[in-house]
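The values are calculated or read from the model by the stated rules, or taken from the named source; none is laboratory data. Because the structure is predicted, anything quoted here is derived from the model rather than measured. With ideal geometry, Cβ positions are generated from the backbone for all residues, glycine too; neighbour counts draw on all protein chains shown.
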Amino acid sequence: MIERRGEPGSIRTAGRRLVGHAARFGVQTNIGSFRERIAPGAFAASLASGRDVLALVDHDPRMLLGRTRSGTLKLQEDADGLAFDIALPDTRAAADLLALAERGDIGGMSFGFVVQDEHWTGDLRELRAVELHEISVVQSWPAYGETTVNVRNRQHEADLRRLWLMTV
């Protein structure tokens with residue numbers, strides 16, 4: 001079964017690319033009857049597998065923003081978590097998303113996965129390895145509170161590297 005997790009984040013607009021973190025390592029959140037956190041390296045095997053991962057809006061496969069297979073979605077683990085870079089399409093959905101981002105109305109990021117390795121300590125689940133299926137821009141309330149999202153334009157790439165956003 002594919003599970004979905006998300007995190008709120010701030011968004012600023014500056015072009016046609018979304019960048020940020022879809023998941024943060026070491027951040028604990030409540031998932032109904034249990035707590036959860038993501039261990040560093042949890043996405044490494046999935047990313048190394050070459051599996052095609054989608055970028056969606058609200059986990060809806062009809063709202064495709066990009067994918068790793070075509071190179072319009074780039075994913076990597078860094079010291080903070082699962083970093084992403086989406087080259088947005090010239091679609092109505094992407095234009096609507098940019099308009100919401102400009103207003104600061106986007107809730108954050110999320111990701112859909114299947115657990116490969118987990119460790120339980122009481123009611124705390126640590127995700128140690130997951131099979132990543134998708135990341136999503138979430139317009140409402142994501143589960144985790146530490147993701148980041150930013151909109152970026154290639155023309156201003158060097159200046160905008162400083163605009164990675166953190167939830168306050």
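Annotations for the structure displayed:
- Meeting the requirement of 2 or more residues that are among the polar types (S, T, N, Q), surrounded by fewer than 21 Cβ atoms within 10 Å (Cβ to Cβ) and at negative phi, the strands (runs of 3 or more DSSP E) wholly within region 57-138 are 108-121.
- Per the conditions (1) more than 16 Å from the chain's Cα centre (by Cα); (2) modelled with pLDDT under 90, the sole criterion not satisfied by residue 149 is (1).
- So residue 50, is it under 23 Å from residue 127 (Cα atoms), outside any helix (DSSP H, G or I) and small (Gly, Ala, Ser): yes
- Count - residues of region 25-59 that are farther than 17 Å from residue 129 by Cβ, aromatic (Phe, Trp, Tyr) and modelled with pLDDT of 95 or more: 0
- Residue list for region 75-96, filter: under 30 Å from residue 37 (Cα atoms) and free of Cβ contacts under 8 Å to residues at least 60 places away in the same chain: 76, 77, 78, 79, 80
- Checklist (1) within 13 Å of residue 132 (Cβ to Cβ); (2) in contact (Cβ under 8 Å) with a residue 24 or more places away in the chain; (3) in contact with a Leu (Cβ under 6 Å, 6 or more places away or on another chain) applied to residue 67, failing item: (2)
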